[in-house]
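A short write-up of the structure that comes next.
The values are calculated or read from the model by the stated rules, or taken from the named source; none is laboratory data. Computed from a predicted structure; not experimentally measured. With ideal geometry, Cβ positions are generated from the backbone for all residues, glycine too; neighbour counts draw on all protein chains shown. SASA here: full protein model, heavy atoms, side chains in, ligands and nucleic acids out. Shrake-Rupley method; radii C 1.70, N 1.55, O 1.52, S 1.80 Å.
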Amino acid sequence: MLLEDVRVHHRTGQWCSGVRTRDNIVAYDMEILPPWQVPGRPTTDRCFVIADEGIQITRPVTFVGALEGGWYIDLVELEEVGPQRLAVHDLYLDIIVPPVGRRYEVLDLDELAEALQDGVIDAATTIKVLRNAQNFIDKHLRNLSQDAPSSWPDFPPAALVDLAELPPFD
């Protein structure tokens, strides 16, 4: 696997170390800010951006209780802001995949609507976010051809497996 070292600007204001694949999939390690750290847990999360799908996937180490071990999916845009420098822009809509069962929750549709109403994003971006969300759900979380689904079609996405196994980025 050919990897390019990159720095990724996260919405918390941090520049994070990571890598990008030839398929424009980015993996980076983000330091969890002190107010959100959970005692005894790791202090970094590995984030994965599948740029062509407009999503960022994280398995937050800060999830506790019923969500512990679950996944958080942000709808995002990835912007090239300089040589080997990327910025991830959160586009309001999120999906949570709990650790057990075959269900998911779509969150923050109201935030997306408010951003559109307030002119923070335009109609074309909103349309792209909604389509990317549905495409992600259809590709990774739903398999309409199975009578009795016993597993996710591709979740977590197979394209992330090798990136998840890399050592921490410096």
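Going through the range 78-111 one residue at a time, which ones are surrounded by 12 or more Cβ atoms within 10 Å (Cβ to Cβ), over 24 Å from GLN14 (Cβ atoms) and of a type in the set (A, V, I, L, M)? Correct list: VAL97, VAL106, LEU109. Does LEU33 meet the test of being out of contact with any strand residue (DSSP E or B) (no Cβ under 6 Å at 6 or more places or on another chain), open to solvent by 20 Å² or more (accessible area, probe 1.4 Å), within 25 Å of ASN132 (Cα to Cα) and hydrophobic (A, V, I, L, M, F, W, C)? In short, no.
For every residue, the table says whether it meets (1) in a strand (DSSP E or B); (2) in contact (Cβ under 8 Å) with a residue 24 or more places away in the chain.
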position	(1), (2)
GLY40	no, no
ASP45	yes, no
ASP52	no, yes
ILE57	yes, yes
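Within the range 29-37, none of the residues are modelled with pLDDT of 95 or more, in a strand (DSSP E or B) and touching a Leu at 6+ places or on another chain (Cβ under 9 Å). The residues listed here are ASP122, ASP74; of these, the one that is among the charged types (D, E, K, R), buried (at least 20 other Cβ atoms within 10 Å of the Cβ), free of Cβ contacts under 8 Å to residues at least 40 places away in the same chain and over 22 Å from PRO167 (Cα atoms) is ASP74. Every test in (1) free of Cβ contacts under 8 Å to residues at least 40 places away in the same chain; (2) open to solvent by less than 60 Å² (accessible area, probe 1.4 Å) is passed by ILE137 save one, and that test is (1).
Scanning the range 12-27 for residues that are touching an Asp or Glu at 6+ places or on another chain (Cβ under 8 Å), of a type in the set (D, E, K, R) and over 14 Å from ALA87 (Cβ atoms) returns a single hit, ASP23. Among the residues of the range 20-38, those identified as free of Cβ contacts under 8 Å to residues at least 24 places away in the same chain and over 21 Å from GLU77 (Cα atoms) are LEU33, PRO34, PRO35.
Restricted to the range 1-19, and to residues there that are touching a residue at least 12 places away in the same chain (Cβ under 8 Å) and within 16 Å of VAL76 (Cα to Cα), the residue that is surrounded by the most Cβ atoms within 10 Å (Cβ to Cβ) is VAL8.
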